Amino acid sequence: MTERNIQVQSLDRGAVEDEAVEIVERKGLGHPDSICDGIAEHVCERLAREYIDRVGEVLHFNTDETQLVAGTAAPAFGGGEVVDPIYILVVGRATSHYVDDDGTEYHIPVESLALEAARDYLREHFPNLDLETDVVVDVKLGEGSGDLQEVFVEDGPAVPMANDTSFGVGHAPLTETERIVYETEQSLNGPYGDANPAVGEDVKVMGKREGDHIDLTVAAALVDAHVEDLEAYKAEVEAVREHVHDLAADYTDRRVTVHVNTADDYDSGSIYLTTTGTSAEQGDDGSVGRGNRANGLITPNRSMSMEATSGKNPVNHIGKIYNLVSTEIAESVVADVDGIRDLRVRLLSQIGRPIDQPHVADVHVVTEDGLDVSDVEADVEAIVDDELAAITDVTQRVIDGELDTF
């Protein structure tokens, strides 16, 4: 054993891939909850960089309470309009006044910086959203907590102290259903969406596997300016269905059925047509932490943390760091240790304890037939120890935007 409290044992179930029923969800880029996650994290990155540029260190802040109140719209074939704008409130805490050891005072315009970052994020990711008329962005950041600022200053500990007694959870490898659900949204909001502007950013994918049959239910907001009539709408829906079906075949030999926009009623004209490409224009509110976990999925067959990852300070906020690190540990172990079919990592912090010294690092594994946990225990433990030793690298990777949080 190392000085860290690392435990490796058998998982108290079989591999998720072998379970009779599996459910997986991903809320896409334009889902109201994901919009809040994305804005909160973009503001987090901007504030962290600004603190480093101005005072040389990241000061205390959190922006993980961002909220979205839906607007109203009147979509129409060929182009409709937003009637009442979407309202977004960036909420949190941020240090705006700082005095260093030499007595130099710094005043950081945190609310202006947050507002600029939020609008930059919307501008980059939502081309159908008119920032002048379709959305109102507001910022309310209280002052950062003075007693928490000391873990961020230059002469503080090399390894920050945990801000809370909390935990993070990660797992690997992804099942076929998990991979398909994730890649479906990434494609529709990536190469497929780029080539087909009628597909908006609000894409939600729900996967259900019963035995060897995978059902995918896709909700894809279509953009009215790129859809001229009902027949064109139907053609777009069918094209999405075919694309997702073909994509799934790259990841599984199981039978796959794809359903797209199942709430549509063509006879009554009730269809998923939007003006902005997101349901936030028409009644769907959003909040940080209500959607995808840190690995980009919602997985009820797995253990999950309820912590919001996006917007939390990347220096010592366990709700962010341990969810990101536990996922990376799980992926590293599965990549480097043969014979592991399923793996769960749970990292528990203790407030005031160095973040590289969790109260416990609890690793549960499902091994292949003929392989015992004791055969891989030492290798698993060594990888966990190495990843924890390098935990502070996560901070800069978050600031640089290298790690996804939703």
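Our coupling estimate for the stretch 367-374, obtained by passing each phi through the Karplus curve with A = 6.51, B = -1.76, C = 1.60 and θ = phi - 60°, is 9, 5, 4, x, 10, 9, 4, 4 Hz, Gly and Pro reported as x. Ellipsoid semi-axes for the stretch 60-135, based on the Cα gyration tensor and the rule √(5λ), read 36, 12, 8 Å when sorted largest first.
In nm², what is the average projected area of the convex hull enclosing the Cα atoms of the stretch 226-356?
12.4
Looking only at LEU47, LEU11, LEU89, which one moves most when the chain is put into a Gaussian network model with springs between Cα atoms under 10 Å? Maximum among the listed residues: LEU11. Sorting LYS312, LYS140, LYS208 on solvent-accessible area from highest to lowest, probe radius 1.4 Å, gives LYS140, LYS208, LYS312. Per-residue Karplus couplings for the stretch 158-168, computed as 6.51 cos²θ - 1.76 cosθ + 1.60 with θ equal to phi - 60°, are listed in order as 4, 10, x, 8, 4, 7, 7, 8, 8, 9, x Hz, Gly and Pro entered as x.
Rolling a 1.4 angstrom probe over the protein heavy atoms with all chains in place gives the chain an accessible area of 42 Å² per residue.
Mean projected area of the convex hull spanned by the Cα atoms of the stretch 221-286, taken over all viewing directions: 5.8 nm². Peptides 369-376, 101-108 ordered by packing proxy, namely the average of other Cβ atoms within 10 Å per residue, highest first: 369-376, 101-108.
Helical content of the chain, expressed as a calculated mean residue ellipticity at 222 nm, amounts to -10000 deg cm²/dmol (DSSP H runs of 4 or more residues, -39,500 (n - 2.57) each, divided by residue number, nearest 500). Rolled with a 1.4 Å probe across the full set of protein chains, the surface gives VAL260 an accessible area near 20 Å². Measuring only protein heavy atoms, the 1.4 Å probe finds ASP362 accessible over about 20 Å².
Heavy-atom accessible surface of TYR51, to the nearest 10 Å², is about 0 Å², with a 1.4 Å probe and all protein chains retained.
The accessible surface of the chain, taken with every protein chain in place and a 1.4 Å probe, is 45 percent carbon and sulfur.
Please list log₁₀ I(q)/I(0) at q = 0.06, 0.08, 0.13 Å⁻¹ for the chain, using the Debye equation with identical point scatterers on the alpha-carbon positions. For the chain at q = 0.06, 0.08, 0.13 Å⁻¹, log10 I(q)/I(0) is -0.27, -0.48, -1.11.
With bins 10 Å wide beginning at 0, the percent of Cα pairs of the stretch 195-251 falling in each bin runs 20, 50, 23, 6, 0. Across THR175, THR327, THR262, mean-square fluctuation computed from a Gaussian network of the chain (C-alpha pairs under 10 Å connected) peaks at THR262. Taking all C-alpha pairs of the stretch 295-406, those more than 24 Å from each other amount to 26 percent.
The values are calculated or read from the model by the stated rules, or taken from the named source; none is laboratory data. Bear in mind that the values here come from a model prediction, so they are computed numbers and not experimental data. Positions of Cβ are backbone-derived with ideal geometry, glycine not excepted, and every protein chain shown enters the neighbour counts. Ligands, DNA and RNA are excluded from the accessible area calculation, which covers all protein heavy atoms including side chains. Shrake-Rupley method; radii C 1.70, N 1.55, O 1.52, S 1.80 Å.
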